[in-house]
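Read through the structure below, which is laid out as structure tokens, and then see the notes.
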Amino acid sequence: MVEQLPNSTPTLYGRRVSSQRTSGTIAATIRDRITSAVYAPGDSLPTGSDLAAEFGVSPRIIRTALTVLDAEGFVTRGRGAPATVNPRPSTPGSPAPQAAGVMLPDRLRVAFEAEHVTIDSFSLTAETLLDALAYAYQGVRARELAPQSISLRVLVPAADAVLALPRLIDDPNDPRPLDRLHGIMHTCHGMLAMGLDSLKDSHLVSDVSLELRSVPLTPMHKLYLLNGTESLVGYYEVSQRSVPIGGAEEEIWDVLGIEASLFRSSSGPDARDEQEATFVRASARWFESLWSSIARPVTLG
């Protein structure tokens, strides 16, 4: 939710601008000021309250924007002091990849500032998504975020598909690793539905929807599309690990999605160039091509 300060008229370089800004667009504006030397290395940024007054938003949204810029290496946030501009980043404007368990919760929290939230997810399971949504839901329950609608579309492997992973190292044909995977998927799908229903039943979000579909293939990457303007892509790396199966520890080939590095791209106001924006649009078309062709509905229960 973007909060407007009463009786304030935000300005940017002396011009009146709309106060309906998100932390993402504010971060993009400050990032542009840094790369264009309006703020030089070593400079202190305006205080959080001054930035909040300029952009016409709450201090919370300014803190989120500065957190993004700190993670990208553009600024260093101080305790009780304004953020300081760092020396020129080695890759200006290009945020470093982060583990899915770190980046996805933060980006979902930002996405939930929108009035209408849309999330498309393609992955081996929805486990990382389920965990990450808890952070955004916390903001909704604290009434820091107030989306009017939330729409989730989740694409996962088909239950009857012959998947390359996970599998026992000693016996690739043993069905138990896949049975375990399907149990995790079923649990996650049910909890996704329960989480959305809880927000609606509590009258915190007026309209929620969850669609689940499956495709007969083994995902070797994960993709999250947020509000149609942001993509997070990560590659699964195959590794050996021990898991409990049938009362015993078994060695399997598997992937851990929560540890996959996510690479963020935007087609919104903070897009670095047209190639990045085109990548987001191509990712959305790729997802839609699967969703509307060979994907089949998954029923809960």
**OP:** Taking residue 202 as the residue in question, decide whether it is small (Gly, Ala, Ser), farther than 30 Å from residue 282 by Cβ, at pLDDT 95 or above and more than 21 Å from the chain's Cα centre (by Cα).
**Re:** yes
Original post:
Which pairs have Cβ atoms under 6 Å, sit 6 or more apart or on different chains, and link a residue in the range 176-204 that is closer than 22 Å to residue 157 by Cβ to one that is of a type in the set (Asp, Glu) and open to solvent by 50 Å² or more (accessible area, probe 1.4 Å)?
Top reply: 188/127
Original post:
Picking from 176, 167, 180, which residue would you name as being surrounded by 14 or more Cβ atoms within 10 Å (Cβ to Cβ) and under 30 Å from residue 138 (Cα atoms)?
Top reply: 180
Original post:
If we keep just the residues of the range 29-81 that are in contact with a strand residue (DSSP E or B) (Cβ under 7 Å, 6 or more places away or on another chain) and of a type in the set (D, E, K, R), which is least open to solvent (accessible area, probe 1.4 Å)?
Top reply: 54
Original post:
Is it the case that the range 127-144 has a residue that's modelled with pLDDT of 90 or more, surrounded by 15 or more Cβ atoms within 10 Å (Cβ to Cβ), assigned to a strand (DSSP E or B) and of a type outside the set (Val, Ile, Thr)?
Top reply: no
**OP:** Could you tell me whether any residue of the range 93-100 is assigned to a loop (DSSP other than H, G, I, E, B), closer than 27 Å to residue 285 by Cβ, more than 16 Å from the chain's Cα centre (by Cα) and at pLDDT below 95?
**Re:** yes
**OP:** For residues that are of a type in the set (D, E, K, R) and either farther than 23 Å from residue 203 by Cβ or assigned to a strand (DSSP E or B) (or both), tally how many sit in the range 101-126.
**Re:** 3
Subject >> strands (runs of 3 or more DSSP E) contained entirely in the range 209-301, each with at least 3 residues that are within 17 Å of the chain's Cα centre (by Cα) and within 30 Å of residue 26 (Cα to Cα) >> reply: 221-226, 230-235, 261-266
Original post:
Would it be correct to say that residue 296 is at pLDDT 95 or above and surrounded by fewer than 16 Cβ atoms within 10 Å (Cβ to Cβ)?
Top reply: yes
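The values are calculated or read from the model by the stated rules, or taken from the named source; none is laboratory data. Predicted, not measured: the structure shown is a model, and the values here were computed from it. Backbone-built Cβ (ideal geometry, glycine too); neighbour counts: all protein chains shown. These area figures cover heavy atoms from the full protein model, side chains too; ligands, DNA and RNA do not enter into them. Shrake-Rupley method; radii C 1.70, N 1.55, O 1.52, S 1.80 Å.
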